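Just below is one structure, and these are the notes that go with it.
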Amino acid sequence: MLHSAPKGNEILVSLSNAGVQRNGRWLVRGVEFSVSKGEIVTLIGPNGSGKSTSAKMAIGVLKPSEGEVSRIAGLRVGYVPQKLSVDWTMPLSVRRLMTLTGPLPAREIDAALNATGISHLANAEVQHLSGGEFQRALLARAIARKPDLLVLDEPVQGVDFSGEIALYELIKNIRNSSHCGILLISHDLHVVMAETDTVICLNGHVCCRGTPQAVSQSPEYMRLFGGAAAKGLAVYSHHHDHTHLPDGRVQHADGSVTDHCHPDDGHHHDHAHSHARDHEDHGECGCGHEHDGHATSNHQQGERHV
């Protein structure tokens with residue numbers, strides 16, 4: 001069910017107990033979160049956990065099978081997809097990429113390219129860009145139409161670690177300068193943006209949510225990330241006191257079984273963790289119990305071609 005939120009409300013989009021069912025199977029269920037102007041919300045979880053499905057419900061690409069989605073009237077959405085299929089045998093400049101889905105005034109193109117730091121690449125062929133440059137071009141394309149909500153699906157895939165830090169910093173600057181809401185999607189379970197206001201962990205349902213803490217100052221983190229990089233990263237850790245049954249229901253510590261998690265089921269534990277890889281030793285969503293699906297490395301290469 002879709003409701004139109006009143007214009008002028010700071011909340012751009014909100015999901016309430018939303019879920020999508022296909023062929024008798026729930027892709028994701030019981031999703032609740034909102035994104036406000038100037039807020040960064042990050043969805044994390046393993047592949048197949050429902051992150052992209054939840055984002056598509058939020059922007060109206062998918063209709064929820066149950067629950068409600070509210071969006072502010074006239075919401076403008078900028079979207080950076082996880083994968084972009086382009087025929088790389090055809091010459092395509094960055095400037096032409098900006099107008100593939102519709103015309104844009106030259107001044108808007110120039111402003112977006114300047115904001116993402118690639119104005120010098122306006123006439124470069126897209127196929128010759130590095131991973132980081134290509135992601136910046138996609139960001140420029142998304143912000144050129146001045147969206148209220150910017151949705152970024154795995155925005156740092158195919159980018160090396162130093163490039164990830166630079167892109168995270170750019171995303172923060174876009175939020176600060178435009179005051180748009182940002183919905184960021186990641187498969188990474190232990191490293192998220194320090195600037196994220198809210199982290200939502202999904203694995204077919206909302207496992208937990210909270211505000212990420214500053215990255216641990218342990219020697220291990222400092223050696224791995226370096227002092228400058230650590231400022232742009234944070235660790236989000238959590239634990240559960242419930243078990244998710246094969247049929248999707250939840251068994252709680254007291255033995256009771258319900259369709260969804262309780263609000264107090266270990267969903268709000270936001271302490272810093274000194275060893276990021278502890279999440280890999282737990283269940284796939286870091287919950288301390290096993291899930292189907294497998295998390296992938298944050299250095300997984302994204303596909304840019306058919």
Q: Return the long-range amide H neighbours of Leu27 (sequence gap of 5 or more, or a different chain), with a cut-off of under 5 Å between placed amide H atoms.
A: Val20, Gln21, Arg22
Q. Rounded to the nearest 10 Å², what accessible area does His179 show when all protein chains are kept and the probe is 1.4 Å?
A. 90 Å²
**Q.** Ranking by accessible area, most exposed first, for Ser49, Ser34, Ser119 with a 1.4 Å probe
**A.** Ser119, Ser34, Ser49
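What do you reckon, how do Asp259, Asp148 stack up by accessible area (1.4 Å probe), largest on top? Don't jump to the answer; show the numbers that get you there.
Values: Asp259 90, Asp148 40 Å².
Result, largest first: Asp259, Asp148.
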Q: Can you send over the solvent-accessible area of Trp26, 1.4 Å probe, protein chains only, in Å² to the nearest 10?
A: 70 Å²
Q: Quantify, in whole percent, the carbon and sulfur part of the accessible surface of region 12-159 (1.4 Å probe; protein heavy atoms only).
A: 47 percent
Q. With respect to the cross-link table entries Lys146/Lys172; Lys37/Lys83; Lys63/Lys146, which display a Cα-Cα separation exceeding 22 Å?
A. Lys37/Lys83; Lys63/Lys146
Q.
If amide hydrogens are placed 1.01 Å from N in the peptide plane, which non-local residues have theirs closer than 5 Å to the one on Val151?
A. Gly78, Tyr79, Val80, Leu183
Q: Provide the per residue accessible area, probe 1.4 Å, for region 20-63, rounded to a whole number of square angstrom.
A: 40 Å²
Q) Whose amide H sits under 5 Å from the amide H of Ala194, counting only residues 5 or more places off or on another chain, with H placed in the peptide plane? A) Leu233, Ala234
(Q) For region 113-148, which trypsin sites (Lys or Arg not before Pro) pass both filters: DSSP loop (anything but H, G, I, E, B) and at most 16 other C-beta atoms within 10 Å? (A) Arg145
Q: Please calculate how many Å² of accessible area region 86-174 carries per residue, with a 1.4 Å probe and no DNA, RNA or ligand atoms counted.
A: 42 Å²
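With the cut-off at 1.5 for a/c, could you classify region 93-169 from its C-alpha gyration tensor as rounded, prolate or oblate? If you can, show how the numbers build up before the last one.
Details: a/c = 1.83, a/b = 1.31, b/c = 1.39.
Because a/c hits 1.5 or more and a/b fails to exceed b/c, region 93-169 counts as oblate.
Report the charge-dipole magnitude of region 90-199 in Debye, nearest 20, computed about the Cα centre from +1 at each Lys and Arg Cβ and -1 at each Asp and Glu Cβ.
Details: 9 positive and 13 negative charges, 106 e Å.
So the dipole magnitude of region 90-199 works out to roughly 500 debye.
The values are calculated or read from the model by the stated rules, or taken from the named source; none is laboratory data. From a predicted model like this one, the values you see are computed outputs, not experimental measurements. Cβ coordinates were reconstructed from backbone atoms using ideal geometry, including for glycine residues, and neighbour counts include every protein chain displayed. Keep in mind that these areas ignore ligands, DNA and RNA; they rest on the heavy atoms of the full protein, side chains included. Shrake-Rupley method; radii C 1.70, N 1.55, O 1.52, S 1.80 Å.
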